[in-house]
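For reference, the structure discussed in these notes is given below.
The values are calculated or read from the model by the stated rules, or taken from the named source; none is laboratory data. The structure presented is a predicted model; accordingly, all values stated were derived computationally and were not measured. So basically every Cβ, Gly included, is an ideal-geometry build from the backbone, and we count neighbours across all protein chains shown.
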Amino acid sequence: MKPGYVKRFSRTERVLHWVNAAGFLILLASGLILYLPSLAADVGRRPEIKDIHFWGGIGWVCALVLVALLGDRRGLLRTARQMDGFDREDIYWLRRRRPAPQGRFNAGQKLNAALTAAFLVLFFVSGMLLWAGERDTRFRFASTVVLHDGLLYASLVLLVGHLYLAVLHPATRHSLRGMTLGTVREDWAEEHHPRWDT
Amino acid sequence: MPVVDQPTPEPQPRRIGRGVFLATVVGGVSSLAWGKPVWSKVSSALGGAEGLVPLVPTSGWRIYTVADTMPTFDPKTWRLAIGGLVQQPMQLTYDELRSLPRADQVSTFHCVTGWTVTNVRWGGVRLHDVLAQAGPLPEAGGLEFVSAERPYVDSLSLEQSKLSDVMLAYEMDGKPLPREHGAPLRLIIPEMYGYKNVKWLAGIGLVPKPLPGYWEELGYDQDAWVGRSNGL
């Protein structure tokens, strides 16, 4: 490791993140073609796009499971525990009443992780129901499409916020390095995550 | 000197992350039971009669097709063929179709996959005005609607086709029917789910009785009454 830098994300964590990001973007692109009337007319090929969307979704989830199983499982579990636990400072951080020194993840990152994981599960469940409902009326619910669409809008809000903080916002964009190269500057870590036990 | 740096004992972190995760998953799955009615209520409460629908980029529509490309419309070559059990098989040009008595209606469009578009303004012709041109024979008991989008087809019984708000629409919301909605002509039967409302209509065949259409062959109900078919 370069002097002055600390390890932020393991290779397993980074692969998991980018597999998740790639899966989301493939599903987003193919989903928008299926969803937006103007794109539906210009692109056409709905049967093929449907196949890409369906198998892309299956592949996405399988790839995530594979990375988790074949990678550093213990490290992932430790990270998951860190994201699960909210201490007093996290609650203060969310309320924005006073400066609240954060650990390896701040409370916003923890919430983002919990919501992202929940949305993935819900996308998968509602997507499978859309697929199965087309084939068997027992799986058909009038609200499946409302849920799948609602998830699209909710996850776009999360994604825009995530991209802004990771790419644009001057104070936080250094964190992108942690998800690409795996390390961040020690002084940056000290400032943003003072209670992170590096 | 007193020890100033004595750390206060930290209470165990609370497991809020998994709580947020589980609550979101449970809330989302339960929305399968309440999502659509709640969304319609919220939508009409916030936006008056039109609701939130115009704010959504799709205006509430979803475009479903079964072929790789949508049929294109050329007014010079387009024909509506009427055949089968009729006295006089015929082909209507676009101008001939437009010269028939005009019909207008506002009706709600329901898709079997769950979405609904309220208050769509359709302009076109009544089915019986078109059929009268060819003269159905007494033994005709059903109508087959053939789409230019192959192999899409669907059919109605003669009785169903006589419902007062069944029409062939060449206008939607004051404009010529857009390509993705079946330009230049589609069937509208508001009492039935969208898969009965054949787009890119190219031909109408009078048959002894209704035959299963594209989706019926894949297990959908022949009589696609809104709210009373397809397990909904």
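Filter the range A:1-35 down to the residues that are crowded, with 18+ Cβ neighbours inside 10 Å and in a loop (DSSP other than H, G, I, E, B), then identify the one that is farthest from the chain's Cα centre (by Cα).
The qualifying residue farthest from the chain's Cα centre (by Cα) is A:ARG8.
Which residue, of A:VAL167, A:VAL145, is hydrophobic (A, V, I, L, M, F, W, C) and buried (at least 16 other Cβ atoms within 10 Å of the Cβ)?
Details: A:VAL167 fails: buried (at least 16 other Cβ atoms within 10 Å of the Cβ).
Exactly one of A:VAL167, A:VAL145 is hydrophobic (A, V, I, L, M, F, W, C) and buried (at least 16 other Cβ atoms within 10 Å of the Cβ), namely A:VAL145.
For the range B:114-146, enumerate the residues that are buried (at least 21 other Cβ atoms within 10 Å of the Cβ) and within 14 Å of another protein chain (Cβ to nearest Cβ).
Within the range B:114-146, B:GLY114 is the sole residue that qualifies.
Output yes when any residue across the range B:200-219 is touching a strand residue (DSSP E or B) at 6+ places or on another chain (Cβ under 7 Å), within 13 Å of chain A (Cβ to nearest Cβ), in a loop (DSSP other than H, G, I, E, B) and surrounded by fewer than 19 Cβ atoms within 10 Å (Cβ to Cβ), and no when none is.
Yes: one or more hits.
If you go through the range A:158-195, how many residues are closer than 15 Å to A:LYS7 by Cα and touching a His at 6+ places or on another chain (Cβ under 9 Å)?
So the count comes out to 7.
Starting from the range B:81-97, take each residue that is assigned by TED's automatic domain parsing to the domain that holds B:PRO210 and list its partners that are among the aromatic types (Phe, Trp, Tyr), counting only C-beta distances under 6 angstrom and pairs at least six apart or across chains.
Here the result reads B:TYR94/B:TRP78, each pair linking the range B:81-97 to a residue that is among the aromatic types (Phe, Trp, Tyr).
Out of the strands (runs of 3 or more DSSP E) lying entirely within the range B:76-125, which hold 3 or more residues that are within 18 Å of B:PRO178 (Cα to Cα) and of a type in the set (Gly, Ala, Ser)?
Passing ranges: none, list empty.
Restricting the first residue to the range A:37-50 and requiring it to be more than 7 Å from every other protein chain (Cβ to nearest Cβ) and free of Cβ contacts under 8 Å to residues at least 12 places away in the same chain, which pairs with a second residue that is in a helix (DSSP H, G or I) and of a type in the set (Val, Ile, Thr) meet a Cβ separation below 8 Å and a spacing of at least six or different chains?
Within 8 Å, the pairs are A:LEU39/A:ILE33; A:VAL43/A:ILE33; A:VAL43/A:ILE49.
Those residues that are among the small types (Gly, Ala, Ser), more than 9 Å from chain B (Cβ to nearest Cβ) and not in a helix (DSSP H, G or I), I need them from the range A:72-102; list them, please. Spell out how you get there, then give the answer.
We begin by selecting, within the range A:72-102, every residue among the small types (Gly, Ala, Ser); these are A:75, A:80, A:85, A:100.
Filter once more, so that each one left must be more than 9 Å from chain B (Cβ to nearest Cβ): A:75, A:100.
Once the filter is applied, which keeps residues that are among the small types (Gly, Ala, Ser), more than 9 Å from chain B (Cβ to nearest Cβ) and not in a helix (DSSP H, G or I), the range A:72-102 yields only A:ALA100.
Let me spell it out: the conditions are (1) in a helix (DSSP H, G or I); (2) touching a strand residue (DSSP E or B) at 6+ places or on another chain (Cβ under 8 Å); (3) within 28 Å of B:VAL226 (Cα to Cα), and B:HIS128 meets all of them except one. Which number is the exception?
B:HIS128 satisfies all of (1) in a helix (DSSP H, G or I); (2) touching a strand residue (DSSP E or B) at 6+ places or on another chain (Cβ under 8 Å); (3) within 28 Å of B:VAL226 (Cα to Cα) except (2).
So, A:GLY133, is that one within 23 Å of B:LEU22 (Cβ to Cβ) and either within 14 Å of chain B (Cβ to nearest Cβ) or surrounded by fewer than 16 Cβ atoms within 10 Å (Cβ to Cβ) (or both) or not?
In short, no.
Within the range B:36-61, work out how many residues are more than 7 Å from chain A (Cβ to nearest Cβ), in a loop (DSSP other than H, G, I, E, B) and modelled with pLDDT of 75 or more. Give the steps one after another, and end with the answer.
Pass one, the range B:36-61, residues more than 7 Å from chain A (Cβ to nearest Cβ): B:37-38, B:40-56, B:59-60.
Then keep just the ones that are in a loop (DSSP other than H, G, I, E, B); that gives B:48-52, B:56, B:59-60.
Going one step further and asking which of them are modelled with pLDDT of 75 or more, we end up with B:59-60.
Residues flagged as more than 7 Å from chain A (Cβ to nearest Cβ), in a loop (DSSP other than H, G, I, E, B) and modelled with pLDDT of 75 or more within the range B:36-61 amount to 2.
Hey, does the range A:88-102 have a residue that's touching a residue at least 60 places away in the same chain (Cβ under 8 Å) and not acidic (Asp, Glu)? Lay out the reasoning, then the answer.
Filtering the range A:88-102 for residues touching a residue at least 60 places away in the same chain (Cβ under 8 Å) gives A:89, A:101-102.
Cutting the leftovers down to not acidic (Asp, Glu) gives us A:101-102.
Within the range A:88-102 (the criterion being touching a residue at least 60 places away in the same chain (Cβ under 8 Å) and not acidic (Asp, Glu)), the answer is yes, since at least one residue qualifies.
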